[in-house]
Amino acid sequence: MTEQTKRTWAEIHLDRLADNYHTLRSLAPNSLFAGLVKANAYGHGAVAVARKLEELGADWLLVAALDEATELREAGIRAPILILGYTPAEYAGRLLELDLTQTIYDMEQAKAFSAAACELGRPLNCHLKADTGMSRLGILCDEVHLEDSARLLADMARLPGLKAEGIFMHFADADTSPEYSNLQITRFQTLLARLEELGVTFAIRHCCAGAATINYPRMHLDMIRPGILLYGHMPDHACDGTLPLVPVMELKTRVASVKHLPKGTCVSYGRTHVLERDSLVAAVPIGYGDGLFRLLSGRQEMLIRGRRVAQIGRVCMDMCMLDVTDLKQVKVGDEVTVFGRDLPLEEKADAVGTITYELLCAVSPRVPRVYLDKA
C-alpha cells in the first residue's frame, strides 16, 4: 500500500497503451497516427499519456480545447497538436505562441482567424472541417450543397494568414451503419475531388476515428485518429472484437469494513436492498463522488481475491457495499477491482445503457492516477 493506493485509485498501464498503439498503427502503416488525449486522455491523464505517445512516435496529438493543448505544451510536449473544437479568434496569438493547429469550420470563423493572423504577422496552421452527415461542426457537404461548399472551403483555404494543411470529417455511425457511412465516404471523396479541380489540396486528409479505423480501411487516407481503441475498448459491440487490445485503466479500491448482518437488514440509502439471508457485507470507499455512477446501484460486480462479488444497495457519494458472504477470507485492506482487464468496463456500460467513454471520463480528479510501465 502506498499513499496513492490507500483508498481508491486508477492504475494506468502505459505498457498496455504502447501495445495498443503498435496494434493500431499496424492497421494503417502508410498513414500518420493521431493520438486522442482530449478529456484528460479519456480520464487516463493527458500529460502522462501524451508523453508516452510522443515517446512511441505518434505523429499528432488531438485535444478538444485550447486549455487542454496549453496543459500539454506547459508540460513540455512538443508533438503537433490539433484542437478539434471551438477557440475564439481573439486567442489566435496564443495558438501561434504555442505552435498549435486550430480546426476551422465556417467562413466567419475563418475570416476572423485570418484577420488576427495577418495582424500578428504569422500564418496560423489549421485544418478545415467538412460536415458530411454528423451535423455538428463543419461546412455542410451533402448532395444539395456540395458544389457551393467546395467553393466555400476553397475560399477559406486561400485566406491570407491561414495555412490550411488538413481537412477532415467525422463519421456519425461507423460502428453499425455501413449504408450511411458509405454515403459520408462518397460525399467526402466527391468533395476532395472537387477541391482538387479548384486547385486546392491538403497534406493531411483524415476521417477515421475508432470504428472507421477498423471498418473502413480504404479511408485511412493520410492519418487515422483512433480514440477509445487506444485505451483498450471497442467503440461498439458491433465492431470486430478480435483486435488484441487491452484496457489501459484498472479502477481499484479497498475493503474498508467487513461485518455480519442478519437476514432482513436494509442496506444503504432508500432501503432498496434487503438481505435475504444472514450475510457478510463489505463497505468499500468508492462512490459517485469518485465517478462510479449511482445508476449502477445493485447492477454491477466487483472483484476481490479473484472472485466476483455483487454490489448491493445504492451507491453513495463516497462508498458502496458488497455482498461477500461467499468469500469468508475477505478482510479490511483487501484490494478490490471495480473494472479492468479481468472485469470488463463494458459490463457496467451495458448495465446502465451508456458507453465506456463516459465511464472512463467520469473517474473523478480526486482518484489518483498511478502510472505503471513495464517497458
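FYI, it's all coordinate maths here, none of it is from the lab. Everything quoted here is computed from the prediction, not taken from an experiment. Note that each Cβ is placed from the backbone with ideal geometry, even for glycine, and that neighbours are counted across all protein chains shown.
Return the calculated 222 nm mean residue ellipticity for the chain, to the nearest 500 deg cm²/dmol, obtained by summing -39500 (n - 2.57) across DSSP H runs with n ≥ 4 and dividing by the residue count. It would help to have the intermediate numbers written out before the result.
On the way: 11 runs with 111 residues, N = 375.
Taking each H run of at least 4 residues, the total per residue is -8500 deg cm²/dmol.
For a label point 7 Å from the Cα of residue 371 along Cα→C-beta, name the residues of the stretch 1-31 whose backbone N is under 11 Å from it.
Under 11 Å, as judged by backbone N against the label point of residue 371, lie 12-15 of the stretch 1-31.
Please get the size of the charge dipole for the stretch 244-343, origin at its Cα centre, with Cβ charges of +1 on Lys and Arg and -1 on Asp and Glu, quoted in debye to the nearest 20.
180
Name the residue from 234, 174, 62 whose Cα lies farthest towards the positive end of the charge dipole of the chain, charges +1 on Cβ of Lys and Arg and -1 on Cβ of Asp and Glu.
About the Cα centre, the residue reaching furthest to the positive side is 234.
Kyte-Doolittle mean at least -0.5 and Cα extent at least 18 Å along the axis: which DSSP H helices of the chain qualify?
Values: long enough: 14-27 (20 Å, -0.61); 107-120 (19 Å, 0.34); 178-197 (28 Å, -0.54).
TM-like helix candidates: 107-120.
Are there GluC sites (Glu not before Pro) in the stretch 249-320 that DSSP marks as loop and that have at most 16 other Cβ atoms within 10 Å, and which are they? Working shown, then result.
Details: sites: 250, 276, 301; in loops: 276.
Sites meeting the loop and neighbour criteria: 276.
Within a Cβ distance under 14 Å of residue 29, other residues only, what is the Lys/Arg minus Asp/Glu net charge? Intermediate values should be presented prior to the final figure.
Values: positive: 25; negative: 59, 222.
It works out to a net charge of -1.
What is the local net charge at residue 121, summed over the other residues whose Cβ is closer than 14 Å to its Cβ (Lys, Arg +1; Asp, Glu -1)? It would help to have the intermediate numbers written out before the result.
Working: positive: 122, 163; negative: 97, 119.
Charge balance in the 14 Å sphere: 0.
With no solvent and one equal point scatterer placed on each C-alpha of the chain, evaluate the Debye formula and give log10 I(q)/I(0) for q = 0.08, 0.14, 0.15 Å⁻¹, two decimals.
-0.48, -1.13, -1.23
Once amide H atoms are placed 1.01 Å from N in the peptide plane, what residues at a sequence separation of 5 or more from residue 140, or on another chain, have their amide H within under 5 Å of its amide H?
When sequence neighbours closer than 5 places are left aside, the close amide H contacts are 131.
Explain nothing, just the number: dipole magnitude of the chain about its Cα centre with +1 on each Lys and Arg Cβ and -1 on each Asp and Glu Cβ, in debye rounded to the nearest 20.
Taking the Cα centre of the chain as origin, the dipole is about 1360 debye.
Quick one: Cα centre-to-centre distance for the stretch 59-133 and the stretch 237-291, in angstrom?
Answer, in whole Å: 43.
Which entries of 38/129; 263/348; 6/259; 6/263; 129/348; 52/348 show an alpha-carbon separation above 26 angstrom in the structure shown? Working shown, then result.
Numbers: 38/129 18 Å; 263/348 28 Å; 6/259 20 Å; 6/263 32 Å; 129/348 34 Å; 52/348 28 Å.
Table pairs above 26 Å Cα-Cα are 263/348; 6/263; 129/348; 52/348.
What percent do you get for the relative contact order of the chain when only Cα pairs under 8 Å and 6+ apart count? Could the numbers behind the result be given before it?
Details: 791 pairs, mean separation 68.9, N = 375.
Contact order relative to length: 18 percent.
In terms of modelled amide H atoms, which long-range or inter-chain residues lie less than 5 Å from the amide H of residue 300?
311
Give the average over all directions of the projected area of the C-alpha convex hull of the stretch 1-117, one decimal, in nm².
Details: hull surface 36.4 nm².
With every direction weighted equally, the projected area is 9.1 nm².
Please report the relative contact order for the stretch 31-231, taking Cα pairs under 8 Å with a sequence separation of at least 6, and give it as a percent rounded to a whole number. Don't skip to the end; give the middle numbers.
Numbers: 379 pairs, mean separation 36.0, N = 201.
Worked out over the stretch 31-231, it gives 18 percent.
Can you tally the net charge around residue 173? Count Lys and Arg as +1, Asp and Glu as -1, for every other residue whose Cβ sits under 12 Å from the Cβ of residue 173. Spell out each step's value before the answer.
Values: positive: none; negative: 175, 179, 236.
That sum, taken over residues with Cβ under 12 Å, equals -3.
Taking the Cα centre of the stretch 31-231 as origin and charging only Cβ (+1 Lys, Arg; -1 Asp, Glu), how large is the dipole, in debye to the nearest 20? Before the final figure, lay out each step's value.
Working: 18 positive and 26 negative charges, 74 e Å.
Its charge dipole is roughly 360 debye.
Find which of 22, 162, 306 sits farthest along the positive direction of the dipole of the chain, computed with +1 on the beta-carbon of Lys and Arg, -1 on that of Asp and Glu, about the Cα centre.
Projecting each Cα onto the dipole axis, the largest value belongs to 306.
Between 42, 10, 120, whose Cα lies farthest towards the positive end of the dipole of the stretch 1-150 when Lys and Arg beta carbons carry +1 and Asp and Glu beta carbons carry -1, centred on the Cα centre?
Most positive-ward Cα: 10.
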